[in-house]
Amino acid sequence: MSSVLVYALHKDGVINKNSLGAISEGTRVAGELGGQCDVVVVGGADLTDETLAALGNYGASKVYKVDGPEGLSQPVIDAMAQLIKTNGYSNALFGGGLLGFEIGAGLAARLEAGVTMEVTAIRVENGKAVAERPILQDSQISTSTYRGDVGIIIGRINAFEVKETGGTAAVEQLPVDFSPFSLKAKMVTRGEQRGADVNIEDASVLVAGGRGLGEAEGFKMCDDLAEVLGGAVAATRAVVDAGWFPYAGQIGQTGRAVAPKLYFAAGISGAIQHKVGMQGSENIIAINKDSNAPIFEFSDLGIVGDLNKILPKLTEALAAKKAG
Amino acid sequence: MKICVLVKQVPDAAVDKRIDPATGRLDRSGEANLNPYDTHAIEAAMQIREGGVTPVEEIVAVTMGPAGSERALHKAVSLGADRSIHLSDDALAGSDVAATGYSLAKVLESENPDLVLLGQQSDDGECYTIGAVVADHLQMPSLTQVVKMDLADKVATCERQAEYGYDTVAVELPAVISVGDAINEPRYPSLKAIMGAKKKPLDVKAAADVGIDAGKVGVDGSQVSCGDFKAPPSKESGRIIEDEDTNETVAEIVAWLEERKLIA
Ligand SMILES: Cc1cc2nc3c(=O)[nH]c(=O)nc-3n(C[C@H](O)[C@H](O)[C@H](O)COP(=O)(O)OP(=O)(O)OC[C@H]3O[C@@H](n4cnc5c(N)ncnc54)[C@H](O)[C@@H]3O)c2cc1C
């Protein structure tokens, strides 16, 4: 059977948007393969039958609900391996994020199957799904073809569009015997929000700071510039991990995705995991002292220089302009 | 306890990376070095050893790669590993992520470590999932992108950022942990350590030495093949200004913003 199995990530009873996109995409691909798209979720009582049946609205035929710990990869690998062995899916599909990468890779090991990550497009060729993935800082696109019975596809964040089709899915409780080692990692706290609750999603101008700011105090330069531009301040994972900026203001794969009118990147290298959260911005300006920084590949205006020299003067000039 | 650190030799950051059209693989000629992310994994191992809470008998650096990958192992040893293992076999060339993880797991099986550490990603293949593959083969719990790790009583309490914020996960050892680059600030090797690195034991192993099934590795054993390379839709390249006179640079930025009506 050429059907597709999608893992749906959730927290507090709400299914992740990237998983909804994966269900829509899985449904499209399954349609071309002549099968159906089923979904698996692993969690507790917060996943109600109503929530799960509603995944039919994105195309899911059947949703398997597994009682187990949420937010950890290995219990999900057990569940998916079991389902693939009994139902014979041709593809396992994950939306972008982090957990799906761990599950998909572990599943590849378990099933001795091929896996491709950061996938941005899926096509069906000769009755099989093939996956396109950008490589080498997005300078090339490579196409993965799968041998074997199962192909594992891990999407890039926001790669798959969420499409509402109407309909409800059948929900089935699935008992799974977890492997002993799958229960040896235990969630202590999940999804802790570090730092203040900053709002970046509504801003039409974002001044984002990275490790190039040098220290937490460097964000003062971003604050000042954001103020004269009438915008908000955002950040990369590197500086959030370092405790320089709140998690709520992080852009990228495990942060937020934004598309402001202006994205001003200061001291940011432009890693793919950051790019995926801001590449939809209308105008991108970057200041970086390294002329080879990847961010210049997707900036509309790139300034090669020291942000410590440029930012204060720019803020001053804009303030003077406003006053005058 | 014994810690194995997985490391990889990658093209130097300064080398222009490209796909060899003949093989469809990354062209690995040119200057190569230890994957910078791996230095954080070695440092994490060293900090456990120096922390004194958990005695560490041995830190072993393990790599799989073509001849010449000793360079990365020497660097790993200069940063603190006691010895190293180089899995090298023509049969392994062209292995995909799953086959590579399987092969590394076979080496690790013969070492029987209490903790396997690795870096958050490789600088060349843009892959951050090898730890999960290795863990499943070893039947160990695993976690990736860990930025804080406290070890006590055979449990690693790990923090990492995932989709919803920071998770704290208690992982029972033996385990496979990939560490993020925020976990520590790797030390620089001393001149003495650099000089001494070549004298530390380096075992070269072939696939058969660690019981790798040749049918599961290399180009033929891999379940996914990459090809059909093409350029992405081209985007008009932006304007670049080299900052020489900052007043001038600022004036240009202001004009650019004004032109696009981006000044509030
Ligand atoms: C699974 C996974 C998920 C991830 N998720 C995210 C995510 O959601 N968001 C995210 O941002 N990252 C994420 N990352 C991390 C990402 O790969 C990069 O490590 C991170 O984005 C780098 O942040 P940075 O640009 O601030 O730091 P760096 O890469 O260190 O770049 C700093 C830049 O500042 C420049 N610089 C230094 N000094 C100056 C100066 N004085 N003037 C001008 N320029 C200067 C340097 O040239 C350099 O280019 C993720 C990684 C993984 C593996």
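Starting from residues that are of a type outside the set (A, V, I, L, M, F, W, C) and either in a strand (DSSP E or B) or on the phi > 0 side of the Ramachandran plot (or both), keep the ones in segment B:167-217 and report whichever is surrounded by the most Cβ atoms within 10 Å (Cβ to Cβ). Within segment B:167-217, the match that is surrounded by the most Cβ atoms within 10 Å (Cβ to Cβ) is B:SER178.
Here B:TYR128 meets the list (1) in a loop (DSSP other than H, G, I, E, B); (2) farther than 18 Å from B:SER178 by Cβ almost entirely, failing just condition (2).
Scanning segment A:250-276 for residues being polar (S, T, N, Q), under 20 Å from A:ALA196 (Cβ atoms) and in a loop (DSSP other than H, G, I, E, B) gives a total of 1. Selection of first residues in segment A:180-199 that are surrounded by 14 or more Cβ atoms within 10 Å (Cβ to Cβ) and of second residues that are among the aromatic types (Phe, Trp, Tyr), restricted to Cβ pairs under 8 Å at least 6 apart or on distinct chains, gives the following pairs, ordered by first then second residue: A:ARG190/B:TYR164; A:GLY191/B:TYR164; A:GLY191/B:TYR166; A:GLU192/B:TYR166; A:ARG194/A:TYR247; A:ARG194/B:TYR166; A:GLY195/A:PHE245; A:GLY195/A:TYR247. Among the residues of segment B:195-204, is there at least one that is without any contact (Cβ under 8 Å) to a residue 12 or more places away in the chain, within 22 Å of A:SER299 (Cβ to Cβ) and hydrophobic (A, V, I, L, M, F, W, C)? No, there is no match, as no residue in segment B:195-204 is without any contact (Cβ under 8 Å) to a residue 12 or more places away in the chain, within 22 Å of A:SER299 (Cβ to Cβ) and hydrophobic (A, V, I, L, M, F, W, C). Does B:ALA152 meet the test of being of a type in the set (A, V, I, L, M, F, W, C) and more than 7 Å from chain A (Cβ to nearest Cβ)? Spelling it out, B:ALA152 is indeed of a type in the set (A, V, I, L, M, F, W, C) and more than 7 Å from chain A (Cβ to nearest Cβ). From the list B:ARG83, B:ARG71, exactly one residue is touching a strand residue (DSSP E or B) at 6+ places or on another chain (Cβ under 8 Å) and over 26 Å from B:ASP150 (Cα atoms). Which is it? The conditions single out B:ARG71. If you go through segment A:259-277 and keep only what is among the hydrophobic types (A, V, I, L, M, F, W, C) and within 9 Å of the ligand (Cβ to nearest atom), you end up with A:ALA265, A:ALA266, A:ILE268, A:ALA271, A:ILE272, A:VAL276. When the residues of segment A:84-110 are filtered to those that are out of contact with any Leu (no Cβ under 7 Å at 6 or more places or on another chain), facing chain B (nearest Cβ under 9 Å) and among the hydrophobic types (A, V, I, L, M, F, W, C), the one that is surrounded by the most Cβ atoms within 10 Å (Cβ to Cβ) is A:ALA108. The conditions of being under 28 Å from B:LYS216 (Cα atoms), in contact (Cβ under 8 Å) with a residue 40 or more places away in the chain, outside any strand (DSSP E or B) and in contact with a Leu (Cβ under 8 Å, 6 or more places away or on another chain) are met by B:SER103. In segment B:43-72, the residues that are assigned to a helix (DSSP H, G or I) reach residues that are among the basic types (Lys, Arg) with C-beta atoms within less than 8 angstrom, at least six apart or across chains, in these pairs: B:GLU43/B:ARG187; B:MET46/B:ARG187; B:ALA72/B:LYS8. In segment A:303-321, the qualifying residues are those that are among the small types (Gly, Ala, Ser) and away from the ligand (no atom under 11 Å from the Cβ), and the one that is surrounded by the most Cβ atoms within 10 Å (Cβ to Cβ) is A:ALA317. When the residues of segment A:214-272 are filtered to those that are surrounded by fewer than 21 Cβ atoms within 10 Å (Cβ to Cβ) and of a type in the set (Asp, Glu), the one that is farthest from the other protein chains (Cβ to nearest Cβ) is A:GLU217.
Taken together, the values in this text are just the output of simple stated rules run on the coordinates, not laboratory data. Everything numeric in this text was worked out from a predicted model, so none of it was measured. Virtual Cβ from ideal backbone geometry, glycine too; neighbours counted across all protein chains shown.
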